[in-house]
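Visitor: Please read through the structure below; I'll follow up with questions.
We did not get these values from a lab; they are worked out from the coordinates using the rules stated. Predicted model only: the values in this text are computed from it and were never measured. Quick reminder, even Gly has a Cβ in these numbers, built from the backbone with ideal geometry, and neighbours come from all protein chains shown.
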């Protein structure tokens with residue numbers, strides 16, 4: 001029975017990976033800063049203590065691990081809090097590098113890194129740059145590895161598309177859309193992504209590859225809203241709020257306590273994110289992600 005460590009296993013994506021690995025018979029451990037709190041989630045996994053910003057204890061946390069899935073995010077993501085060390089460079093880039101180094105020291109055989117569409121170490125945008133640097137750390141580790149770049153991920157426990165659903169339900173007549181709603185994405189259901197990630201972790205079909213992962217629909221952000229309205233049986237006019245105005249409000253919010261919003265986060269949530277999943281489908285024939293309307297209808301009630 002393989003032992004797999006999921007770094008970031010208490011998050012939205014990580015929880016799906018833990019459950020998927022457990023269903024496939026793997027022994028699962030979750031790397032977490034707070035094992036007692038993580039245990040209350042009821043995940044089918046052992047909780048081991050570790051913090052990517054304090055790499056000294058990471059190798060011992062990876063003892064007797066065959067493979068590790070690296071999917072760490074900082075609290076409040078994607079709104080950074082530099083004073084608290086919650087940034088893309090600190091967690092995604094340097095944190096993943098620390099995990100890769102610890103994996104080599106601990107004798108881990110394989111790494112699977114959750115990156116993102118558009119990752120590029122030379123990008124001017126912090127999130128693309130951090131993901132690109134993290135990918136390089138995984139490739140340079142010398143271990144067997146798979147890099148997976150998902151598009152926008154949704155599901156019953158996500159905070160993004162479900163916010164759209166809440167707005168459609170809660171606001172009559174109009175839907176307030178950030179920007180022009182033209183950003184193009186390929187939404188993928190979290191369980192479909194988990195199938196790909198778990199298969200890549202426990203099998204060898206994706207070894208050495210960078211696989212983009214998205215659903216079958218290439219849609220605009222406005223299309224996402226229209227699909228959600230259709231599933232809910234609601235009709236709303238989409239009211240576009242200029243990005244400049246939203247960024248002005250976000251700049252003010254960034255001065256307040258807590259990670260509420262920031263101008264960079266506005267760019268993050270309105271950007272394109274189209275995944276080319278052809279290679280993933282060729283190498284992993286079981287990877288057949290569901291359409292957005294289908295995935296939404298499975299868990300969104302018309303009530």
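Visitor: Once you place label points 7 Å from the Cα toward the Cβ at residue 120 and residue 169, how far apart are they in nm?
Guide: For residue 120 paired with residue 169, the spin-label model returns 3.9 nm.
Visitor: Further question on the same structure: Going highest first, how would you order 79-87, 249-257, 197-205 by mean Cβ packing within 10 Å?
Guide: Values: 79-87: 15.2, 249-257: 12.7, 197-205: 20.3.
Result, highest mean first: 197-205, 79-87, 249-257.
Visitor: Using only Cα atoms, find the angle between the long axis of helix 12-23 and the longest principal axis of the chain, and express it within 0 to 90 degrees, rounded to the nearest 10.
Guide: Once rounded, the angle reads 50 degrees.
Visitor: Can you give me the C-alpha center-to-center distance between the stretch 246-303 and the stretch 181-237, rounded to a whole angstrom?
Guide: First find each Cα centre; the distance between them is then 9 Å.
Visitor: Of all the Cα-Cα pairs you can form in the stretch 175-220, what percent are over 18 Å apart?
Guide: The answer is 47 percent, as a whole percent.
Visitor: Computed over the Cα atoms, what is the radius of gyration of the stretch 122-180 divided by 2.2 N^0.38 Å, N being its residue count? Display every interim value, and only then the final one.
Guide: On the way: Rg = 17.8 Å, N = 59, 2.2 N^0.38 = 10.4 Å.
The reported ratio for this selection is 1.71.
Visitor: Would you kindly work out the equivalent ellipsoid of the chain from its C-alpha gyration tensor and give its semi-axes, the square roots of five times the eigenvalues, largest first in whole Å?
Guide: Numbers: eigenvalues 200, 99, 66 Å².
Ellipsoid semi-axes (Å, largest first): 32, 22, 18.
Visitor: So what's the Cα pair-distance distribution over the stretch 40-85, bin width 5 Å, in %?
Guide: Result returned by the calculation: 5, 14, 22, 24, 20, 12, 4, 0.
Visitor: Now a separate question. Let me check the size of the stretch 233-285 from its C-alpha atoms; what are the radius of gyration and Dmax in Å?
Guide: 17.5, 48
Visitor: Ok, one more. Between residue 34 and residue 144, how many nm apart are label points set 7 Å from Cα along the C-beta direction?
Guide: Distance between label points: 3.6 nm.
Visitor: Right, another one. Please find the FRET efficiency linking residue 252 to residue 218, where r is the Cβ-Cβ separation and R0 is fixed at 35 Å, and quote it to the nearest 0.05. Please list the in-between numbers first.
Guide: On the way: r = 35 Å, r/R0 = 0.99.
With a Förster radius of 35 Å, E is 0.50.
Visitor: For residue 84 and residue 279, FRET efficiency with R0 = 51 Å and r from the beta-carbon atoms, rounded to 0.05?
Guide: On the way: r = 37 Å, r/R0 = 0.73.
That gives a FRET efficiency of 0.85.
Visitor: In deg cm²/dmol and to the nearest 500, what is the mean residue ellipticity at 222 nm of the chain if only DSSP H runs of at least 4 residues count, each as -39500 (n - 2.57), divided by the residue total? Walk me through the intermediate numbers first.
Guide: Values: 12 runs with 112 residues, N = 303.
Calculated mean residue ellipticity at 222 nm is -10500 deg cm²/dmol.
Visitor: Quick check for you: which residues of the stretch 267-303 have the amide N under 17 Å from the point 7 Å beyond the Cα of residue 204 toward its beta carbon?
Guide: Correct set: 283-285.
Visitor: Between residue 238 and residue 23, what length comes free when the chain is fully extended (0.36 nm per residue of separation minus the Cα-Cα distance, one decimal in nm)?
Guide: On the way: separation 215, 0.36 × 215 = 77.40 nm, distance 4.08 nm.
Extending this stretch completely gives an extra 73.3 nm.
Visitor: Using every alpha carbon pair in the stretch 214-303, what percent of pairs falls into each 10 Å bin from 0 up to the bin containing the largest distance?
Guide: In order of increasing distance, the bins hold 14, 29, 31, 22, 4 percent.
Visitor: Same structure again: Once the mean 1/r over all distinct Cα pairs of the stretch 23-129 is inverted, what Kirkwood radius in angstroms do you read off?
Guide: On the way: mean 1/r = 0.0674 Å⁻¹.
By the Kirkwood definition, the hydrodynamic radius is 14.8 Å.
Visitor: Between residue 245 and residue 288, how many nm apart are label points set 7 Å from Cα along the C-beta direction?
Guide: A separation of 4.6 nm, rounded to one decimal place.
Visitor: Give the shape of the stretch 1-85 as rounded, prolate or oblate, defined through the alpha-carbon gyration tensor: a ≥ b ≥ c are the square roots of its eigenvalues, a/c under 1.5 means rounded, and otherwise the shape is prolate if a/b is larger than b/c and oblate if not.
Guide: Numbers: a/c = 1.98, a/b = 1.46, b/c = 1.36.
Note, shape of the stretch 1-85 comes out prolate.
Visitor: State the percent of C-alpha pairs, over all pairs in the stretch 80-152, separated by a distance greater than 20 angstrom. Working shown, then result.
Guide: On the way: 731 of 2628 pairs.
Everything past 20 Å amounts to 28 percent.
Visitor: Assign one of three labels to the stretch 123-267, namely rounded, prolate or oblate, based on the Cα gyration tensor with a ≥ b ≥ c the square roots of its eigenvalues; rounded applies when a/c is under 1.5, prolate when it is not and a/b is larger than b/c, and oblate otherwise.
Guide: oblate
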